[in-house]
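Quick notes on the structure that follows.
The values are calculated or read from the model by the stated rules, or taken from the named source; none is laboratory data. Not measured: the values here are computed from a predicted model. All Cβ positions, even for glycine, are placed from backbone atoms using ideal geometry, and neighbour counts span all protein chains on display. In case anyone asks, the SASA skips ligands and DNA or RNA and just uses the protein heavy atoms, side chains included. Shrake-Rupley method; radii C 1.70, N 1.55, O 1.52, S 1.80 Å.
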Amino acid sequence: MRLAIYPGTFDPPTRGHLDILDRACKLFDRLIVAIAENPQKAPFFSAKERLNLLQALTREMEKVEVEILKGLVANYAQRKGAVAIIRGMRAVSDFEYEFQMALANRHLNPQVETVFLMPSENYTFLNSTLVKNIAELGGELNPFVPPLVAELIHKKLKGG
Ligand code: COA
């Protein structure tokens, strides 16, 4: 049973994240989407809201579970018995940050390998900040996020 962790902030989850998750499902027996609370990023959705959202989005994905990540990814991966940490690599600009994080994680937990997956080229420009900016300025969100995410972003922007 080969388990991988897919950590991230997912504020909000995008079609790009789901694309990576689909690809990872083909490689591993089980996947845990691990939501970092990341208070330094002042998240738009609380960790609990992101948990509910990702659980709903992955309901049909039998291999996938969603949890809130406490502490270091490396320690979390060890506790779970994961063999891999999945990260998306969208462009060269991701490389330096991801390379540093992968090496740090290897020092912290040599048992776990970081596996980089490329999303579809349709999503290489995408990130969660862009989605929030487009929403705030009244743009169409459908190309970037599933309908449920768009609905909840609009609801939150209206103060719901
Ligand atoms: N499609 C679309 N967007 C994507 C994406 C994809 N496939 N992959 C990444 N992104 C975007 C995210 O939406 C996010 O956008 P934002 O900055 O506008 O919010 C951005 O890329 C960063 O990605 P994310 O995967 O959320 O990384 P992060 O740097 O926010 O968090 C953690 C990475 C969760 C591993 C880390 O920050 C963390 O909190 N770890 C816990 C503590 C720890 O272990 N620290 C030591 C690490 S060595």
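Taking amide hydrogens as placed 1.01 Å from N in the peptide plane, the amide H of G88 sits under 5 Å from those of L117, each at least 5 positions away in sequence or on another chain. Applying both filters, DSSP loop and at most 13 other Cβ atoms within 10 Å, to the GluC sites (Glu not before Pro) of region 97-152 gives E140.
Estimated at the nearest 10 Å², the accessible area of L18 is 30 Å² with a 1.4 Å probe. Measuring against 29 Å, Cα to Cα, the residue pairs K80/K155; K80/K132; K48/K80; K41/K156; K26/K158; K26/K80 contain K80/K155; K80/K132; K26/K158 as the ones spanning a longer distance.
When the helices of the chain are scored as -39500 (n - 2.57) per DSSP H run of n ≥ 4 and the total is divided over every residue, the value at 222 nm lands at -12500 deg cm²/dmol. Close amide H partners of A36, meaning residues 5 or more places away or on another chain with modelled amide H under 5 Å apart, are G8, T9, L69.
Rounded to the nearest 10 degrees, what's the angle between the helix 147-157 long axis and the longest principal axis of the chain, both from Cα atoms, 0 to 90? On a 0 to 90 degree scale, this one is about 60. Here's how it looks for E113: its modeled amide H is under 5 Å from those of A84, I85, which are all 5 or more places away or on a different chain. Counting only residues at least eight positions apart within a chain, or on another chain, the aspartates and glutamates with an alpha carbon under 18 Å from that of K63 are D19, D22, D29. Pairwise Cα distances in the chain exceed 26 Å for 23 percent of all pairs. Across region 102-118, computed HN-Hα scalar couplings (Karplus, 6.51 cos²θ - 1.76 cosθ + 1.60, θ = phi - 60°) run 5, 5, 4, 5, 5, 5, 6, 8, x, 6, 10, 9, 8, 10, 9, 10, 8 Hz from first to last residue, x flagging Gly and Pro. For region 4-9, backbone phi angles converted through the Karplus equation (6.51, -1.76, 1.60; θ = phi - 60°) give residue-by-residue couplings of 10, 9, 10, x, x, 8 Hz, Gly and Pro being listed as x.
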